[in-house]
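Asker: Handing you this structure, nothing more for now.
The values are calculated or read from the model by the stated rules, or taken from the named source; none is laboratory data. Everything numeric here is computed off the predicted structure, so don't read it as measured data. Every residue, glycine as well, gets a Cβ built from its backbone with ideal geometry; the counts of neighbours run over all protein chains shown. Only protein heavy atoms, including side chains, enter the accessible area calculation; ligands, DNA and RNA are left aside. Shrake-Rupley method; radii C 1.70, N 1.55, O 1.52, S 1.80 Å.
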Amino acid sequence: MHLQEAVGDLGAGVVEALYRSVECLKTQDKALAADIIAGDRIINQQRRLLEQECLVTLAAYKPAGTDLRAVGACMELASELERIGDYAADVARIIERDVQEPLPTEPVTAILELAKDAIDMLEQTLAAFVGNGSEATLRAAVEKESQVDREEDEFIAQVLERMRADAAFAATGTYLLWIVHNYERVADRATNVAERAIYVVSGYTPDLD
């Protein structure tokens, strides 16, 4: 279906923005951060165009059954993907606006590992959706969701402990917590994408959280 391919195109732009935000976190390059923020407008525009295509398809072809579920899912996924793109832009805004000194290497490395898991989930889920993958394939794509949650919980505990021990670390710790939460939300929304994709192929919506 053309709409699924359009979701794939939007998703590819979002994934690229996430990878660029990871590079931005590594380098704390404010020029790159500004470029990511500017690029978020393109993702927003793609979302609006995709939603319009979905509405035209509904009006012109009056799909039913699996086709109707697919169109509805594409509309919802447009919104989910646009929001995931916002997370990349939010990380860039923190780097551009708030971070004035280099972030410490150890917590940044931990965030990068979590971000990789979350982005992997999203990429695999999108590939399965665009390729009409099975329910089993979609479930497998997001099986790291609980692992990402554990990684975030452990990270938060470590950062809070350091913040309590060192008042001067409070601002830096706060930025790190904001950043890691953005990437954890990528995993959450990748799970939402998988749920909607399973609905298309099976006719029911599972709870994968």
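Asker: Would you pick out the residues in segment 4-47 that are touching a residue at least 24 places away in the same chain (Cβ under 8 Å), polar (S, T, N, Q) and either part of a helix (DSSP H, G or I) or out of contact with any Leu (no Cβ under 7 Å at 6 or more places or on another chain) (or both)?
Answerer: The answer is Q4, S21, N44, Q46.
Asker: What do you reckon, is S146 of a type in the set (S, T, N, Q), more than 23 Å from Q28 (Cβ to Cβ) and under 19 Å from the mean Cα position of the chain (by Cα)?
Answerer: yes
Asker: Checking the condition within 16 Å of the chain's Cα centre (by Cα) and at negative phi, which residue from E96, E80, E106 passes?
Answerer: E80
Asker: Would a scan of segment 158-179 turn up a residue that is part of a loop (DSSP other than H, G, I, E, B) and either under 12 Å from the mean Cα position of the chain (by Cα) or in contact (Cβ under 8 Å) with a residue 24 or more places away in the chain (or both)?
Answerer: No.
Asker: Here is a list of conditions, (1) of a type in the set (F, W, Y); (2) surrounded by fewer than 15 Cβ atoms within 10 Å (Cβ to Cβ); (3) modelled with pLDDT of 95 or more, and Y61 meets all of them except one; can you say which number that is?
Answerer: (3)
Asker: Could we say that D98 is modelled with pLDDT under 95, open to solvent by 20 Å² or more (accessible area, probe 1.4 Å) and charged (D, E, K, R) here?
Answerer: yes
Asker: Residues to consider are L50, L77, L114, L103; find the one that is open to solvent by less than 10 Å² (accessible area, probe 1.4 Å), touching a residue at least 40 places away in the same chain (Cβ under 8 Å) and within 23 Å of A38 (Cβ to Cβ).
Answerer: L50
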